[in-house]
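J.: The structure that follows is given in the form of structure tokens.
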Amino acid sequence: MPVTTTSEETCASDCPLKHNGCFAEGGPLAILWRKVTERKAGLAWDSAMAEIAKLPKLTLWRHNQAGDLPGIGNDIDVTAMRQLVRANKGKRGFTYTHKPMTADNSEAVIDAIGHGFTVNLSANDLAHADKLAELGIAPVVVVLPADQTRATTTPQGRKVAICPATISDNVTCVTCGLCALASRKSIIGFPAHGASKRKASVVALAA
Ligand code: SF4
């Protein structure tokens with residue numbers, strides 16, 4: 001499945017996983033991500049959008065195995081976001097964001113979903129997942145403690161399904177595709193993984 005990696009300055013300034021359990025900060029992905037951030041690997045934004053636009057119709061692809069929506073820190077760059085949404089036209093792109101849902105950011109996310117590009121709102125714990133779900137603008141995902149590998153519920157009783165790829169070798173995003181379903185009601189939970197999973201587990205338990 002095609003995936004992109006975006007430079008680190010796009011990450012939300014106040015993401016609690018930043019340097020504190022973010023899975024992308026360890027292993028081979030961290031090496032690639034650093035190179036992209038230092039502009040030693042990858043493509044400029046416009047060229048990357050051109051490549052995405054060339055993907056075959058209905059391609060399932062993931063924007064950002066690391067990094068966040070375009071824009072520095074907490075802000076979404078609306079112009080770049082529109083380019084991204086346009087490039088995805090006819091495909092099944094999806095991504096996740098830790099950026100706060102300010103009025104402007106929410107508008108950009110609603111517009112993206114309305115035009116077929118699925119943005120999942122990333123929650124740091126189950127209580128945060130309830131808050132994001134209450135917004136009613138986008139599907140929600142949540143980081144869970146590493147040992148939470150069974151379906152659970154949020155404090156307000158919303159269902160949280162476990163990402164099947166984290167518990168079965170027979171499932172991949174290509175065979176699952178749940179994160180690309182903007183109409184999805186269930187929250188998807190990701191048990192903390194990677195080199196910093198202990199730190200991420202602590203964040204997930206903050207509720
Ligand atoms: S829930 Fe499905 S689409 Fe989402 S990350 Fe897991 S396997 Fe991939």
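J.: Quickly work out the Arg150-to-Ala127 label distance, labels modelled 7 Å from Cα along the C-beta direction, and quote it in nm with one decimal.
T.: Once both label points are built, they end up 2.4 nm from each other.
J.: Report, to the nearest whole %, how much of the accessible area of the stretch 3-204 belongs to carbon and sulfur atoms, 1.4 Å probe, protein only.
T.: So the carbon and sulfur contribution to the accessible surface is 55 percent.
J.: Follow-up question, since we're still on this one. Report, in deg cm²/dmol and to the nearest 500, the calculated mean residue ellipticity at 222 nm for the chain, where each DSSP H run with n ≥ 4 adds -39500 (n - 2.57) and the sum is divided by the residue count.
T.: -9000 deg cm²/dmol
J.: Over what distance in Å are the Cα centres of the stretch 155-194 and the stretch 75-93 separated?
T.: 23 Å
J.: Is the shape of the stretch 1-135 rounded, prolate or oblate, going by the alpha carbon gyration tensor and its root eigenvalues a ≥ b ≥ c, with a/c under 1.5 for rounded and a/b larger than b/c for prolate?
T.: Because a/c hits 1.5 or more and a/b fails to exceed b/c, the stretch 1-135 counts as oblate.
J.: A follow-up question, please. Report the paramagnetic label zone for Lys57: residues of the stretch 83-101 whose backbone N is under 15 Å from a point 7 Å from Cα along the Cα-to-Cβ axis.
T.: Those under the cut-off are 89-92.
J.: Tell me which lysines have Cα within less than 25 Å of Lys197's Cα, excluding those fewer than 8 residues away on the same chain?
T.: Partners within reach: Lys18, Lys35, Lys99, Lys131, Lys159.
J.: A further question on this structure: With angles folded into 0 to 90 degrees, how steeply does helix 78-87 sit against the dominant principal axis of the chain? Use alpha carbons for both and round to 10.
T.: Computed tilt is about 80 degrees.
J.: Please work out the C-alpha center-to-center distance from the stretch 130-153 to the stretch 1-59 and express it in whole Å.
T.: Value for the Cα centre distance between the two parts: 23 Å.
J.: Under a crude label model (7 Å from the Cα following the beta-carbon direction), how far is Lys40 from Cys176 in nanometres?
T.: Between Lys40 and Cys176, the label points sit 3.2 nm apart.
J.: Using 1/(1 + (r/R0)^6) with R0 = 35 angstrom and r between the beta carbons of Arg82 and Leu205, what's the FRET efficiency to the nearest 0.05?
T.: 0.40
J.: At 1.4 Å probe size, with every protein chain present, just tell me what the per residue accessible area of the chain comes to in Å².
T.: Roughly 51 Å² per residue, with all protein chains present.
J.: Mind checking which lysines have their Cα closer than 22 Å to the Cα of Lys89? Skip sequence neighbours fewer than 8 apart in that chain.
T.: Lys54, Lys57
J.: Calculate how steeply helix 27-37 sits against the longest principal axis of the alpha-carbon atoms of the chain, using the helix alpha-carbon long axis, and give the answer as 0 to 90 degrees to the nearest 10.
T.: Compared with the principal axis, the helix lies near 40 degrees.
J.: Using Cα pairs under 8 angstrom and six or more residues apart, how large is the relative contact order of the stretch 3-204, in percent?
T.: 23 percent
J.: So which trypsin sites (Lys or Arg not before Pro) in the stretch 100-199 are both in a DSSP loop and have at most 16 other Cβ atoms within 10 Å of their Cβ?
T.: Arg150, Lys185
J.: Give the aspartates and glutamates whose C-alpha is closer than 16 Å to that of Lys185, dropping any in the same chain fewer than 8 places away, or say none.
T.: The reachable aspartates and glutamates, counting only those whose Cα sits under 16 Å from Lys185, are Asp130, Glu134.
J.: Suppose every Lys and Arg Cβ carries +1 and every Asp and Glu Cβ carries -1, with no other charges. What dipole size does the chain come out with about its Cα centre, to the nearest 20 debye?
T.: It works out to roughly 620 debye.
J.: For the chain, find the longest principal axis of its Cα atoms and tell me its angle to the long axis of helix 103-114, 0 to 90°, nearest 10.
T.: Its long axis makes an angle of about 80 degrees.
The values are calculated or read from the model by the stated rules, or taken from the named source; none is laboratory data. This structure is a prediction, so every number in the text was calculated from the model and none was measured. Every residue, glycine among them, receives a Cβ derived from its backbone with ideal geometry; neighbour counts consider all protein chains shown. Areas reflect the complete protein model, heavy atoms only, side chains present, ligands, DNA and RNA absent. Shrake-Rupley method; radii C 1.70, N 1.55, O 1.52, S 1.80 Å.
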